[in-house]
Amino acid sequence: MKVKIRGAVILASGLFVLAFAGMVNVSAQDSPQKAVASRTAKFASVETTDAAYRSAIDAHNLDGARALKDKAGAFKGKVTQVFTPRSGTVAILNFDKEYKTALTAVVNKTDWGKFPDLTELVGKEVVITGKFVDFHGATQIILNGPTEVAIIAIRK
């Protein structure tokens, strides 16, 4: 497990204090969501010719997402990582290694059991549907069930 550190401070008392970002990168083997993931739930599938795919904004289109705040919509992109904050209350799907440059999708801990193992999505192109919401200035979609995640089918 890797922990990102935002900075360090030396206090007047001489104590060295680390300020943690509060995020823990989770690999497949230690994902807390995986332990309670549904064994029967499935993610949806969508083709690039479907209207749902064509109408979804790109995960990097932050301005477009802000314009959709408090509205239902969809975005598409490749899941780069799934991580859980130290609080363990959510699992977050990132769509760029620099998470601030793309939208995120969030699954609350109370809903983890509704979803298959979220780490299965890493490296896959998906369409996320739901209501765009603001969280401390960042636009995201909060997922309530696996039907709001569609894996983009690759035609052969």
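Annotations for the structure displayed:
- Over 19 Å between alpha carbons, listed pairs K69/K97; K69/K131; K71/K124; K78/K114; K34/K100: K69/K97; K71/K124; K78/K114; K34/K100
- Whole-angstrom gap from the stretch 121-156 to the stretch 92-107, using each part's C-alpha centre: 10
- Using the Cβ-Cβ distance between T40 and D70 with R0 set to 41 Å, the FRET efficiency from 1/(1 + (r/R0)^6) comes to roughly 0.80.
- Working from the Cα coordinates of the stretch 44-156, the gyration tensor eigenvalues give, after taking √(5λ), semi-axes of 20, 17, 13 Å in decreasing order.
- Summarising the strand pairing of the stretch 24-152, around 75 percent of its internal DSSP beta bridges are antiparallel.
Read-outs throughout are calculated quantities, based only on the coordinates presented, and are distinct from any laboratory measurement. These numbers were taken from a predicted model, which means no experiment stands behind them. Glycine also receives a Cβ, built like all others from the backbone with ideal geometry; neighbour counts cover every protein chain displayed.
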